[in-house]
């Protein structure tokens, strides 16, 4: 495989003929060599899903790299930029697939499951303390109603539900991952400021929920 | 579970006026402690991730150079996964040899 500088990668990929073909072939090999490391936490190379995923991700990465060549600013090595693109494509696909598989299992498995023990009333606390905690929970729920928009509430519920990936939640909310993060950041900031205004600490709130 | 039951459960899960479950409220409240006024988005992180990862591999203090990016990686699970995957690739490629400080 030919070693290239950033400038050489760009020149070859923008050219036509054998130089471009050779650069594409080298890039393909580079991506395929890196994916086992990138995916090692999720998928073993022995897994039957591994090679089809690698082929799909490699193809999609090459297309995206060629499409976005103009946006490469040279702040890293060209191949690092390509690895970043390949990783985003691979993990997005893996998360989508994992979530699709697990969400169906969970819907079936969790039918009629009992409430977790931490949500039961605390038998050690007196009735007065329990009443205070119940009031706090009602108050926090009111704050959520007042401070969060319906879209923010929906986003929070979706993302926490069976670990739905950001991309999937963004698709359902007809937005993108970037805007979804901003939507949630705005929600967290509003809540933080409201609690601060009312002099309620997160610890107080958590204590009320944990011993409900 | 019949198909009708399944569809009904999915609809009930995704109905827009559903109350946020207690567990989610607790997660949300916990996240407030690491919420800053200024945070960068997943898109900002993606733009700089290759530069940031190389900086880390070279042994530079990447967190100090890009504190907003560092904070985002600490609070956003998916960006953190992508960053760690990129680090693993760089650690196992020739880049770590070429760019490591002498």
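When Cβ neighbours within 10 Å are restricted to other protein chains, what is their mean count per residue of peptide A:40-47?
Average per residue, whole number: 1.
Just want the ordering: B:71, A:139, A:83, from fewest to most Cβ atoms lying within 10 Å of their own Cβ.
Lowest count first: A:139, B:71, A:83.
List B:50, A:204, A:199 from most exposed to least, where exposure is judged by having the fewest other Cβ atoms within 10 Å.
In order of increasing Cβ crowding within 10 Å: A:199, A:204, B:50.
Report relative contact order for chain A in percent, whole number only (criteria: Cα-Cα under 8 Å, sequence separation at least 6). Each step should come with its number before you reach the end.
Working: 129 pairs, mean separation 42.1, N = 212.
It rounds to 20 percent for chain A.
Calculate the length of the line joining the C-alpha centroid of the range A:31-95 to that of the range A:141-212, in whole Å.
If you average the Cα positions of each part, the centres end up 32 Å apart.
Using Cα springs under 10 Å in a Gaussian network model of chain A, which residue among A:141, A:153, A:96 shows the largest mean-square fluctuation?
It is A:141.
With labels modelled as points extended 7 Å from the Cα through the Cβ direction, what inter-label distance (nm, one decimal) is found for residue A:51 paired with residue A:3?
Between residue A:51 and residue A:3, the simple spin-label model gives 3.2 nm.
Can you put B:91, B:82 in order, fewest other beta carbons within 10 Å first?
Neighbour counts put them in this order, fewest first: B:91, B:82.
Nearest 10 degrees, 0 to 90: what angle lies between the long axis of helix A:177-197 and the longest principal axis of chain A (Cα atoms)?
The angle comes out near 30 degrees.
When Cβ neighbours within 10 Å are restricted to other protein chains, what is their mean count per residue of peptide A:33-39?
5
Using Cα atoms only, what is the angle between the long axis of helix A:50-67 and the major principal axis of chain A, expressed in degrees (0 to 90) to the nearest 10?
Helix A:50-67 sits at roughly 70 degrees to that axis.
Here, each number is a calculation from the coordinates, and none is a lab measurement. Treat the numbers as computed from the prediction; the structure is a model and nothing was measured. We place every Cβ from the backbone using ideal geometry, glycine too, and count neighbours over all the protein chains shown.
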